[in-house]
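Have a look at the structure below before the remarks.
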Amino acid sequence: MTRAAVKPALHAAGPYVPGPSLDELMARHGLREVAKLNWNEGLWGPLPGVEAAVAAASGQFWAYPEHAYNELRDAIAADTGVRSEQVLPGHGIQALILTLVGAMVAVGDAVVVPEPTYGLYAQACAVAGAEVVTVRAPDLRIDLEAVAAAARRTEARIIWLCDPNNPTGARLDPAEWRAFLAAAPPGCLVVADEAYADYVAPEERLRREDDIDAGRPVVVLRTFSKIYGLAGLRLGYLLGDPSLLFYLQRVQEPFNVNRAALAAGLASLGRPADVAARRAAAVAARERFAAALLAGGARPLPSAGNFVLVDLGVDDAELTERLLARGVLIRPGGELGLPGFARITVAPEPVMDRAAAALLAVRGELA
Ligand SMILES: Cc1ncc(COP(=O)(O)O)c(C=O)c1O
């Protein structure tokens, strides 16, 4: 009965698989402490004062959140230089991806997704019954020309791009981005997921807010889960044209940003010096870790995010298992379509020094 009751698209679509949870793994291996380097959370935690701001908001937890989120939208607008009506908050980028799919993708529509990239775009579109057209990235760099060509050929509704890309850490080139926008078919929405853009210095970033202002069919996704260290509260936002946001709001779950997240988001915004300090610490730890891997004979890819993808040249599933026994949890490449690789989230330097030593030791055992 159940199989017949659910939408036919669900029969073929697989689940989104983030990998096993920490609790499960610690119980399985009898571990008391684990360096959790598998999900790219912001491992420096919330900015100072944010937890106190959440505690101060707790007196209002009995009430539904204010529905329009005006204060948060104004603060995001001030932080990013857009207009408030171009901002749509949501409980994480994940929720906003589902909102976009709910608003735009009908059964049989084509969407284009480069490979490898963040898994939720393809999974959410497959569940909606879309034809997911994947474009393999040569040298693990997104081929924007091939992506635009695939979108033209299939009359795609949406192109999903992640910049910097998860899991490779690669950034899109600004000139290629501009050529791509000109080559993408009219009527196709380009979604740029900038979950990791906070790890790139502001002066080096592509300002896609300008593309939105220029009337390009572009939306940007951002999150508080990474540099702001708030993954557990689920908060993100979308930037786009108000005429599109008008419809996205109809699809969004009402009251979907909770009061704790609103308080935390507000307390985190407008603090460029604190964010810059976080960025500097993460970049220094990332580069030190990558250098240690390279010196030990592994091949880390250059990364612009808070993680490093490394070509290990050994069985990544076995390496992950053995590393866990040493108290270090990473994401095996096989789960990301990249056997022989691993993706490791960046934590403060002492943790990364320990992780590098353990990883190289286990790699040595397996070579
Ligand atoms: C590219 C990308 N987008 C979105 C997310 C999830 O963001 P959020 O926590 O805001 O739902 C992740 C999480 O790892 C990610 O890697």
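Structural remarks
- Only DSSP H runs of four or more residues enter the estimate; each adds -39500 (n - 2.57), and after division by the residues of the chain the mean residue ellipticity at 222 nm equals -12500 deg cm²/dmol.
- The slack in the chain from Asp79 to Phe246, taken as 0.36 nm per residue of separation less the alpha-carbon distance, amounts to 57.9 nm.
- For the range 1-102, the relative contact order comes to 11 percent (Cα pairs under 8 Å, sequence separation of at least 6).
- Dipole-positive endmost among Ala4, Pro46, Leu88 within the range 1-99 (Cβ charges, Cα centre): Ala4
- Relative contact order, percent, the chain [alpha-carbon distance under 8 Å, six or more residues apart]: 23
- Maximal additional length on extending the Glu318-Ala273 stretch stands at 12.1 nm, based on 0.36 nm per residue less the C-alpha distance.
- Estimated dipole of the chain in Debye, rounded to 20 [Cβ of Lys and Arg +1, of Asp and Glu -1, Cα centre]: 400
- Peptides 341-347, 148-154 ranked from most to least packed give 341-347, 148-154, packing being the mean of other C-beta atoms within 10 angstrom over each peptide's residues.
- The base-10 log of I(q)/I(0) for the chain, evaluated at q = 0.11, 0.12, 0.13 Å⁻¹, reads -0.79, -0.95, -1.12 [Debye formula, identical scatterers on Cα atoms, solvent excluded].
- When peptides 96-107, 196-207 are ranked by their average number of other Cβ atoms within 10 Å per residue, the highest-first order is 96-107, 196-207.
- The stretch between Ala52 and Leu294, if pulled fully straight at 0.36 nm per residue, gains 83.0 nm over its current Cα-Cα span.
- Shape category assigned to the range 169-306 from the gyration tensor of Cα positions, a/c cut at 1.5: oblate
- Residue exposure sequence - Ser303, Ser268, Ser243, Ser58 - by fewest surrounding Cβ within 10 Å: Ser243, Ser58, Ser268, Ser303
- Residue exposure sequence - Lys36, Lys226, Lys7 - by fewest surrounding Cβ within 10 Å: Lys7, Lys36, Lys226
- Cα-based shape type of the range 83-236, given that a ≥ b ≥ c are square roots of the gyration tensor eigenvalues and the cut on a/c is 1.5: rounded
No value in this document is a laboratory result; all are computed from the given coordinates. Note that the structure is a prediction, hence the values are computed from the model and not measured. Here Cβ is always computed from backbone atoms with ideal geometry, including for glycine, and neighbour counts include all displayed protein chains.
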